[in-house]
Structures are given as C-alpha cells and as structure tokens.
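These notes are about the structure you will find just below.
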Amino acid sequence: MELLQNVHSYLAYVVLLILFIAVANAITGLMANRMFTLEKDYRLSLFTLILSHIQLVLGLVVYYFSASGLNALMNVPMGNMNSAARLLALEHPLINILAIVLITVGWSRHKKFMEGKKKFKSIAIFYGLGLVLILSRIPWNQWFN
C-alpha cells in the first residue's frame, strides 16, 4: 500500500509538469495561430490525458485502501474531521475526479474540430481548468514534509 501511495505521490509531479506543458503549448498555439500537428500537439495532449488517467486510477486504489481515504470517510463523522483529514478523505479525490473529467472533455471536444485554433482553445480551456482544480486540492503540507 505504501508503495502505491509513493508512486501516486511521485507520479503527481510528472502529471503536473506534463499538464502544465500541454496547457502552455495550447495557449501558445492559440496565440500564434499555429497548425495543430500530429507529431507534437496531438501526442502531447494525448500523453497528458493518458498520464492523468493513470494517476486517477492509482489515486482511486490508494483512496480505497488508505486509512485516510474512504475508511476515514466511513468511520469519522464529517463534523469531527479537521481540514487536513477532510482534504484527504473528500476534497482531494472529488475535485481531482472533476479535474480529470474536464481534461477528458477537452480531449473529446478537440477531436470534433478541424481548425487548429479551435483545437488549441479546447485543450487550453479544459486542460487549464483541470490544472487549476488539481493545484487547488493537492495536500501541499504532506508533499513538503
């Protein structure tokens, strides 16, 4: 269990980095009115989608088996949880699921467009919103202790 939790924690750095790169790439592509290319833009967006889904699956496994995840939510009344416990048991998983849904919507929407500007816009908006949500609910104090 500890191994999975460590993999989930370290993979989060990679996911955040690649998600930031994908959002920055989409914004620069949109601003420069670039063509959306298969070699760079498509692969970067797809790789980001895949990594974020792997991270989600690992997180759900950790959540299910962790004492501070589902177990805490089932055994400790919500009013008795402090903010750190509530973050791990409720806010972190819920907001990150929503973030991955937004990233998936951005991926699905971009495929419907032929024009590069619309593709970049879809990726920039939805991946960007996903990034903001993920950053808002990272248990920062645990990462840096």
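Bear in mind these aren't lab numbers, they're just calculated from the coordinates by the rules spelled out. Keep in mind the model is a prediction, meaning the values are calculated, not measured. Note that we place each Cβ from the backbone using ideal geometry, even for glycine, and neighbour counts take in every protein chain shown.
Some observations on this one:
- Percent RCO, i.e. relative contact order, over the chain, from Cα pairs under 8 Å lying at least 6 residues apart: 33 percent
- Potential extension, Leu16-Met35 segment - 0.36 nm per residue separation minus Cα distance: 4.3 nm
- Cross-link partners of Lys121 among aspartates and glutamates, defined as those whose alpha carbon lies under 19 angstrom from its own and excluding same-chain residues fewer than eight positions apart: Glu39, Asp41.
- More than 20 angstrom apart: percent of Cα pairs within the chain: 49 percent
- Between 0 and 90 degrees, the angle of helix 116-136 with respect to the longest Cα principal axis of the chain falls at about 20 degrees.
- 3J(HN,Hα) along region 78-84: 4, x, 8, 7, 7, 5, 5 Hz, from the Karplus curve 6.51 cos²θ - 1.76 cosθ + 1.60 with θ = phi - 60°, whole Hz, x for Gly and Pro.
- Near-label residues of region 109-145 by backbone N, under 14 Å of a point 7 Å along Cα→Cβ of Ser83: 137-142
- In this label model, Asn141 and Ser108 are separated by 3.7 nm, measuring between points 7 Å along each Cα→Cβ vector.
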